[in-house]
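Following: one structure in structure tokens, then a few remarks.
Values quoted throughout were computed directly from the atomic coordinates according to the rules given, and no laboratory measurement underlies them. All figures in this text were calculated on a predicted structure; none of them were measured in a lab. Neighbour counts are summed over all protein chains in view; Cβ atoms, including those assigned to glycine, are modelled from backbone coordinates with ideal geometry.
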Amino acid sequence: MTSRQIYIYLAPALLFTALFFIFPLVFLLYVSVQEWNGIGSMNFVAFDNFRYLLGDPVFKAAMINTALWILAGILLHTPLGLLMALLLFRKPRGWKLFRVLFFLPNVISTTALAFLWYFVLHVSLGLVNNLFKSVGLESWAHPWLSDPGTAVFANMIPFVLYIGFTMVIFLTQMTTISPDLYEAAEIDGATNVQKDRYITIPMVKGAIAINVIFNTAFCLKMFEYPLLMTGGGPADSSINMSLYIYREMITANRYGISMSAGLMAILMGAVAMLLVFGALGLTERRGKA
Amino acid sequence: MKWLRFGFKMLFLLVTMVPFLWLILASFKTNQELFAAPFSFPKRWMIENYEAVLSSHPIPHYFFNSIFIAIVSTLLGVIVATLVSYAFMYTFKFKSGWLLLITFGIFIPTNAFIVPYYFIVNWLGLYDTLLGVALVYAGVSLPLSVLIVKTYMDSIQHEILEASFIDGASVHRTFFQVILPVSYPGMTTASIFLMITAWNELLFASLLTQSEATRTLQVAIRFFLTTFSANYPVAFAAMVIAIIPTIVIYSLLSEKIIGGLTAGAVK
Amino acid sequence: MKRKWLNVKATLILVLIVIVAGCGAGNTKESATGGGNGAAPKQQVELSMLSSWSTDTERGRALHAVVEKFNQENEGNIKVKLDINADWPSLQQKVKTMIAAGQTPDLFNYNFNPNDLSRQESGELLDFNPFMNEEWKSRFTEQDLQAMTVDGQLTSIPFEKAGILFYYNKELFAQAGIESFPATWDEFFQVCEQLKSAGITPISLMTSDDAWHTTNLFTYLAASIAGTSVFEPGQSLDTPEVTQAAQYLKQMFEYTTPDALGGNYSVSSNNFLIGNTAMIIDGPWLIGSISEEMIPSIGIAASPTFGDGKVQPGFTVTDAHTPWSAAKQTSPEKEEAVVQFLKFMTSEESSKTFTIDGRILLSMRLELNEEEVSEAGPILGQYIKTNSEAPESIVNIVRILKPAATSKLPSLLEGLILDKFTPEEFAKELEAANL
């Protein structure tokens with residue numbers, strides 16, 4: 001394949017990347033060293049915005065909470081998605097229906113999901129607290145959303161539970177596994193769990209890697225759940241990076257600080273990836289031709 | 001063990017069904033009932049909520065806009081992602097550099113890009129057009145679509161490329177006749193993602209469109225949730241209406257993916 | 001080989017054509033709608049107007065009716081195209097971005113904030129001074145026109161200025177043995193105590209988003225302590241008076257629902273609307289949500305005072321001025337059309353439509369006769385009366401701080417309630433954010 005031929009296939013993607021990522025990123029870098037209210041003239045302030053961020057306890061909380069979100073994405077959401085994919089891959093009775101039903105929450109808008117979980121966890125009307133009350137565990141009832149200690153975890157619940165996309169990506173990868181492998185394993189008398197453990201999971205390493213990347217990216221971008229369920233509160237205890245960026249831009253009109261925070265979020269994503277893939281030793285499979 | 005598995009599945013089913021059932025239930029309440037007792041049945045089932053949605057705005061028109069944007073952005077996104085993923089089946093100079101360049105954007109919190117996207121779309125002359133929104137969706141989701149399609153293509157054995165060349169096929173013919181036919185599960189997965197993202201997106205849709213002619217369903221749903229009067233049940237009724245096509249699309253497309261389940265591995 | 005080459009090229013070209021064709025389509029569309037800049041003399045002028053008032057609200061229907069009427073009267077000459085973006089914060093963001101991009105909408109409304117004059121300072125807004133003849137001027141108070149004047153330019157036409165009043169549930173008051181709305185804060189706190197011991201939650205409060213109901217109360221308290229100039233630009237917020245108001249506010253959280261902390265506008269207003277709470281402090285738009293059965297038991301009252309003369313009894317907190325602004329125009333016909341339309345919007349007749357049908361309290365002068373007041377319904381009638389008797393007013397704190405402080409206020413309030421900050425620290429932090 002000559003390089004000219006390759007570039008034909010690369011060109012459209014490069015065009016899109018230039019338009020929707022490189023140009024905006026240049027803008028982001030430029031504004032991150034300015035003071036700008038979104039309309040008027042910009043004022044060069046060098047690294048003042050970053051200095052502000054590092055000294056801002058709210059930004060620190062946002063970083064910590066985002067890290068917690070990413071951890072939940074990697075340690076809870078992704079394994080749960082894998083588990084459900086493994087269960088469905090065995091094609092139990094009604095698996096086609098399950099495949100649709102498990103995905104259902106992913107087609108519902110975040111606004112509705114956030115609202116539902118606001119009510120589920122509501123201090124007096126909530127399902128959770130009323131359940132505790134009805135079984136005599138009154139003392140377990142708790143203001144989940146308005147206790148600074150639990151608010152950030154309460155916000156994560158819908159994300160952790162609704163694994164539709166993650167599951168679909170696992171299932172897609174599972175379709176590439178050769179049935180011969182399973183037949184051979186059956187001849188050797190392998191149990192279902194052994195098949196999962198020694199065939200399926202190793203064969204979907206690529207999908208694990210992709211899901212870890214996707215879920216980390218999702219956690220860096222998610223601001224609807226905190227915004228709608230707790231408003232990032234109480235007292236900023238459940239704010240995350242994306243909501244911080246949003247708020248600095250939309251309400252505070254401090255674009256410089258917002259863009260600097262955006263840059264920090266990108267760095268955070270990169271660091272998270274290095275840590276995760278360093279720890280797992282999962283490297284991307286290289287193509288050869 | 002079997003019971004445990006069954007119990008787990010049922011519990012999970014409950015967790016995933018609750019939002020949907022609750023949304024339907026809530027869409028038949030009055031706003032005050034919703035806030036007084038969010039989980040009880042409505043005293044009277046308010047069909048009026050659905051009538052309010054369908055009669056007050058040209059919903060079919062917004063439906064069409066949303067469908068147009070979803071289809072165009074999905075097609076664009078999948079075509080671009082598939083082309084570039086094919087290129088990455090070969091070795092060439094700075095390959096990992098190119099890959100990094102195209103996929104690094106996945107970590108960018110794109111809500112920080114409101115201003116530049118407005119400028120870009122304006123510069124293209126696409127402000128307040130459906131194509132402008134579709135283009136942005138395809139662009140924003142590109143790193144994701146590329147990673148999905150590429151991961152799938154990586155699982156294709158490279159021997160088939162060589163076999164194809166030995167048969168005398170060109171690079172392009174190999175793409176169309178050998179790679180495309182076996183890549184569709186990856187492309188379909190990316191399509192599901194792109195379609196549903198496009199269908200549910202609000203921020204850029206409200207930034208990049210203005211007139212009724214280009215309004216999407218999600219933007220229209222905000223009509224019922226304004227600062228001065230938020231009528232959640234009516235908004236929920238609109239959401240229920242908006243969800244139906246996505247369920248159909250997902251059911252159809254996921255059939256395609258899992259079609260590969262029975263067909264087994266790539267030959 | 002060569003032919004296959006063409007094949008792929010064709011595909012790529014197709015993709016590019018789709019994109020380019022789209023651009024073309026966009027361009028033609030733009031020139032079609034944005035016309036009027038040159039061309040034939042007898043061409044219809046089209047004005048594009050942005051607002052958040054959707055026809056699902058009373059105010060949206062009123063606006064729609066007024067615009068329709070104007071279009072009918074000026075058929076063939078001027079057409080106002082009203083585009084609704086229902087989400088207020090994102091509309092505001094968008095208008096700012098449009099101004100920055102040099103594409104200011106022909107007409108738009110926004111919350112006027114003396115501490116955020118970014119729109120005015122952009123130089124992109126039309127100055128109405130040359131068009132302010134005596135007749136138009138007489139529609140407004142000198143004070144409001146003065147307030148909208150920035151650097152000698154009148155770039156906004158005063159429009160909505162909603163008084164925020166106390167709604168109370170007479171039935172719940174009666175259940176607790178309370179006969180009338182308290183006139184002083186001491187009585188007010190007593191009433192709260194009385195309601196509470198009767199098992200009734202006294203007041204709806206909230207802290208999410210802009211903490212609206214809570215900041216209304218806070219502004220009322222601060223103004224009662226220090227007068228209506230307490231938050232004027234340039235004033236320090238780190239004062240004993242603000243601290244004192246914070247102290248009272250914190251106490252008031254003993255008298256609200258458990259979901260007030262972290263609750264949003266809907267949660268808080270619905271607590272009042274379903275009879276969970278006995279009071280709420282809100283604008284006239286709430287009236288439209290009051291259920292039929294509840295209407296007879298709702299009373300409207302002005303704020304209590306401390307009775308020490310710092311403020312005049314009957315004073316009000318108001319929402320921000322929400323005026324209309326317009327883009328600078330290159331063509332005089334378009335400029336003329338904008339002015340003609342805004343004169344129509346602020347005319348006596350339109351004002352009546354906005355107030356009675358839209359429940360919008362306006363900056364414009366408006367004399368309603370008995371019949372018109374009763375047509376407005378019992379609650380709005382009472383509302384208009386109480387509001388118009390206000391001897392002085394102050395804008396809600398969350399509307400007049402610097403944007404950075406505005407975005408911090410809700411979390412500072414939550415910190416105050418959770419004992420993260422003392423009232424002194426609250427005042428200090430608020431001042432620091434407003435610098």
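Let me know the mean shielding of B:128-139 by other chains, meaning the per-residue number of their Cβ atoms within 10 Å of its Cβ.
Average neighbour count from other chains, rounded to a whole number: 4.
Can you pull the Rg over Rh of segment A:44-280, Cα-only, Kirkwood?
1.05
Tell me, what is the FRET efficiency for C:Thr330 and B:Ala213 to the nearest 0.05, using R0 = 22 angstrom and their Cβ-Cβ distance as r?
Efficiency, rounded to the nearest 0.05: 0.30.
Roughly how far apart, in whole Å, are the Cα centres of segment B:20-81 and segment C:210-277?
Here the two parts' Cα centres lie 35 Å apart.
Considering the options A:Val120, A:Leu97, A:Ala72, tell which one lies farthest towards the positive end of the dipole of segment A:44-280, charges being +1 on Lys and Arg and -1 on Asp and Glu at the Cβ, about the Cα centre.
A:Leu97
Residue by residue, what Karplus-based ³J(HN,Hα) values in Hz, rounded to whole numbers, does segment B:51-67 have, using 6.51, -1.76 and 1.60 with θ = phi - 60° and x for Gly and Pro?
Calculated HN-Hα couplings, in order: 4, 4, 5, 6, 8, 7, 9, x, 4, x, 5, 5, 4, 4, 4, 5, 5 Hz.
Collect residues whose amide H, placed 1.01 Å from N in the peptide plane, falls under 5 Å from the amide H of C:Ser48; neighbours closer than 5 in sequence don't count.
C:Lys81, C:Asp106, C:Leu107
Let's see if you can work this out: charge +1 on each Lys and Arg Cβ, -1 on each Asp and Glu Cβ, no other charges. What is the dipole magnitude of the protein assembly as shown about its Cα centre, in debye to the nearest 20?
5400
Using θ = phi - 60° and the Karplus relation 6.51 cos²θ - 1.76 cosθ + 1.60, list the HN-Hα couplings for segment A:42-58 in order, rounded to whole Hz, with x at every Gly or Pro.
8, 10, 5, 10, 6, 9, 4, 4, 5, 4, 4, 4, 5, x, 8, x, 5
In degrees between 0 and 90, to the nearest 10, how far off the longest principal axis of chain C does helix C:423-434 point, with axes built from Cα atoms?
Helix C:423-434 sits roughly 20 degrees off the main axis of chain C.
Sort out for me the Cα centre separation of segment A:41-70 from segment B:211-248, rounded to whole Å.
35
Work out the count of Lys pairs in chain A where the Cα-Cα distance is under 27 Å, with the pair 8 or more places apart or on different chains.
Final tally of qualifying lysine pairs is 8.
Hey, what did segment A:4-114 get for relative contact order, percent, Cα under 8 Å, at least 6 apart?
9
Give the long-range amide H neighbours of C:Ile78: residues separated by 5 or more places, or on another chain, with amide H under 5 Å away, using H modelled in the peptide plane at 1.01 Å from N.
Here C:Val45 satisfy the definition.
Give me the distance in nm between label points sitting 7 Å out from Cα along the Cα-to-Cβ direction at C:Gln190 and C:Gln103, one decimal.
If labels sit at C:Gln190 and C:Gln103, their model points lie 6.2 nm apart.
Treat the count of other C-beta atoms within 10 Å as a stand-in for reagent exposure and order C:Glu160, C:Glu392 from fewest to most.
The fewest-first ordering by Cβ neighbours comes to C:Glu392, C:Glu160.
What would the Debye formula give as log10 I(q)/I(0) at q = 0.06 Å⁻¹ for the alpha-carbon point model of the protein assembly as shown, no solvent?
-0.46
Can you compute the charge dipole magnitude of chain C about its Cα centre, using +1 on each Lys and Arg Cβ and -1 on each Asp and Glu Cβ, nothing else charged? Give it in debye, rounded to the nearest 20.
2360
Given a Förster distance of 22 Å, report the FRET efficiency between A:Arg51 and A:Val26 from their Cβ-Cβ distance, rounded to the nearest 0.05.
0.50
Defining a contact as two alpha carbons under 8 Å apart and six or more residues distant in sequence, what relative contact order in percent does segment B:1-46 show?
So the answer I get is 32 percent.
Ranked highest first by average number of other Cβ atoms within 10 Å, how do C:324-332, C:306-314, A:134-142 line up?
The most tightly packed comes first, giving C:324-332, C:306-314, A:134-142.
Once every DSSP H run of n ≥ 4 in chain C is given -39500 (n - 2.57) and the sum is divided by its residues, what mean residue ellipticity at 222 nm do you get, rounded to the nearest 500 deg cm²/dmol?
Computed mean residue ellipticity for chain C: -13500 deg cm²/dmol.
For labels at C:Trp136 and A:Glu138 in the simple 7 Å Cα→Cβ model, what's the distance in nm?
Roughly 6.7 nm, to one decimal.
Based on the Cβ-Cβ distance from C:Leu117 to A:Lys205, what FRET efficiency comes out when R0 is 56 Å, to the nearest 0.05?
Approximately 0.50, to the nearest 0.05.
Could you check what % of the DSSP bridge pairs in the protein assembly as shown are antiparallel, to the nearest 5?
Percent antiparallel among DSSP bridges in the protein assembly as shown is about 60.
Please name whichever of A:Leu145, C:Asn129, C:Val150 sits farthest to the positive end of the charge dipole of the protein assembly as shown, dipole taken about the Cα centre and charges placed at Cβ: Lys and Arg +1, Asp and Glu -1.
Looking along the dipole axis, the top candidate is A:Leu145.
Just to check I understand the Karplus step: with θ = phi - 60° and J = 6.51 cos²θ - 1.76 cosθ + 1.60, what whole-Hz values come out for segment C:372-379, glycine and proline as x?
Each residue's phi maps through the Karplus curve to give 5, 5, 6, 4, 6, x, x, 6 Hz.
Using a 10 Å cut-off around each Cβ, can you sort A:Lys133, B:Lys93 from fewest to most neighbouring Cβ atoms?
Sorted ascending by nearby Cβ count, the order is B:Lys93, A:Lys133.
What full-extension length gain, to one decimal in nm, is calculated for B:Trp3 and B:Ser40 as 0.36 nm per residue of separation minus the Cα-Cα distance?
Result for the pair: 10.2 nm of gain on full extension.
Toward the positive end of the charge dipole of chain C, about the Cα centre and with charges on Cβ (Lys, Arg +1; Asp, Glu -1), which of C:Asn270, C:Leu107, C:Thr355 goes farthest?
So the residue we want is C:Leu107.
Taking amide H atoms as placed 1.01 Å from N in the peptide plane, list the residues 5 or more away in sequence, or in a different chain, whose amide H sits under 5 Å from that of C:Leu362.
Those qualifying (amide H under 5 Å, at least 5 residues apart or on another chain) are C:Lys161.
Report the residue, chosen from A:Ile177, A:Ile239, A:Ile169, that carries the largest GNM mean-square fluctuation when chain A is represented by alpha-carbon nodes joined by springs under 10 Å.
Judging by the Gaussian network model, the answer is A:Ile177.
If you fit an axis through the alpha-carbon atoms of helix B:232-263 and take the longest principal axis of the Cα set of chain B, what angle between them do you get, 0 to 90°, nearest 10?
The helix B:232-263 is inclined about 30 degrees to chain B.
Cα gyration tensor of chain B, axes a ≥ b ≥ c as square roots of the eigenvalues: rounded (a/c below 1.5), prolate (a/b > b/c) or oblate?
Oblate is the answer for chain B, as a/c is 1.5 or above yet b/c matches or exceeds a/b.
Which order results if A:Leu53, B:Leu25 are arranged by neighbouring Cβ count within 10 Å, fewest first?
B:Leu25, A:Leu53
If you line up the long axis of helix B:2-26 against the longest principal axis of chain B, both from Cα atoms, how many degrees apart are they, to the nearest 10?
With both axes taken from Cα atoms, the answer is about 50 degrees.
Can you list, largest first and rounded to whole Å, the semi-axes you get for segment C:175-224 by taking the square root of 5 times each eigenvalue of its Cα gyration tensor?
Each semi-axis is √(5λ); the values are 22, 15, 7 Å.
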